[in-house]
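Dropping the structure in here first, questions after.
Computed from the coordinates by the stated procedures, all read-outs in this text should not be read as laboratory data. These numbers were taken from a predicted model, which means no experiment stands behind them. Glycine gets a Cβ as well: all are built from the backbone with ideal geometry, and neighbour counts include every protein chain shown.
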Amino acid sequence: MKIVFSNLPMKKQLNQFRYVVDGNSNIEYDGEVIFPINSVLAKVLKKDEPVKVVLLKKQDVEGNSDINAGEFMRELNQINRTIGAVIEYKLIDLPFVETKDTHEAALGKMVDELVENAEIFCDITYGPKPLPIVLFSVLNFAEKFYKCKIENIVYGKVDFLTKENGQTYPSNPVLFDVTPLYYLNAFTNTIECKSAEEAKKMLHSLLDF
């Protein structure tokens with residue numbers, strides 16, 4: 001089974017891009033998508049495979065997140081028409097405040113969606129900045145206690161250019177697979193050394209720095 005965690009954008013204007021992949025050609029997709037993770041899913045989903053998509057939605061005053069949740073489902077369902085995976089959607093609704101209680105609620109609700117031995121995919125492109133930090137805690141929990149495999153954590157990057165009239169527009173879309181960053185964090189959490197200097201040497205050796 002695959003589990004997908006994706007932060008939803010809170011903005012009104014959404015743009016479709018064909019993302020060029022940096023560092024992992026296996027997930028490069030020829031089509032255009034609004035949500036970068038869907039380009040990955042277009043490459044990895046399989047016929048009749050169960051997939052749980054967990055959308056992390058922060059409540060915004062204009063209700064854009066609700067609309068964007070529908071757009072996500074529409075886009076992935078269109079991609080899946082030629083694949084035939086069995087997709088289930090779950091929505092985690094959170095207030096747009098960055099308090100301890102909110103972060104703990106997000107962590108608990110995400111952990112509740114875990115399934116043993118699942119393959120996990122994540123998109124941290126959109127949403128408030130603390131969400132990826134909470135998500136890394138969920139992934140640590142999933143690996144340690146549910147024996148899950150962390151497949152891809154992706155981030156879609158664009159440059160914002162300025163027209164002659166002063167308006168900005170997104171350009172040069174690139175999809176980064178930042179999964180190694182997660183495993184680097186896991187390494188620093190598990191490393192055992194007698195001194196800080198020894199730990200630093202081990203880290204530099206790992207990084208080839």
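Regarding segment 81-102, can at least one residue be identified that is in a helix (DSSP H, G or I), surrounded by 13 or more Cβ atoms within 10 Å (Cβ to Cβ) and touching a residue at least 12 places away in the same chain (Cβ under 8 Å)?
No: segment 81-102 contains no residue that is in a helix (DSSP H, G or I), surrounded by 13 or more Cβ atoms within 10 Å (Cβ to Cβ) and touching a residue at least 12 places away in the same chain (Cβ under 8 Å).
Can you find, within segment 27-38, the residue that is surrounded by the fewest Cβ atoms within 10 Å (Cβ to Cβ) among those that are in contact with a helix residue (DSSP H, G or I) (Cβ under 7 Å, 6 or more places away or on another chain) and not in a loop (DSSP other than H, G, I, E, B)?
Here the answer is Ile27.
While we're looking at this one, here's another question. Consider only pairs whose beta carbons are under 8 Å apart and that are at least six residues apart or on different chains; among these, list those whose first residue lies in segment 46-63 and is touching a residue at least 24 places away in the same chain (Cβ under 8 Å) and surrounded by fewer than 13 Cβ atoms within 10 Å (Cβ to Cβ) and whose second residue is among the β-branched types (Val, Ile, Thr) and part of a strand (DSSP E or B).
Pairs found: Asp48/Val86.
Can you name every residue in segment 64-80 that is in contact with a strand residue (DSSP E or B) (Cβ under 9 Å, 6 or more places away or on another chain), in contact (Cβ under 8 Å) with a residue 24 or more places away in the chain and not aromatic (Phe, Trp, Tyr)?
Ser65, Asn68, Ala69, Glu75, Leu76, Ile79, Asn80, listed by residue number.
Okay, next question. If I filter segment 91-107 for residues that are within 19 Å of the chain's Cα centre (by Cα) and of a type in the set (Lys, Arg), do I get at least one hit?
Scanning segment 91-107, I find no residue that is within 19 Å of the chain's Cα centre (by Cα) and of a type in the set (Lys, Arg), so the answer is no.
Considering only residues that are among the acidic types (Asp, Glu) and touching a Phe, Trp or Tyr at 6+ places or on another chain (Cβ under 9 Å), look in segment 93-120 and name the one that is farthest from Ile150 (Cα to Cα).
By that ranking, first place goes to Glu113.
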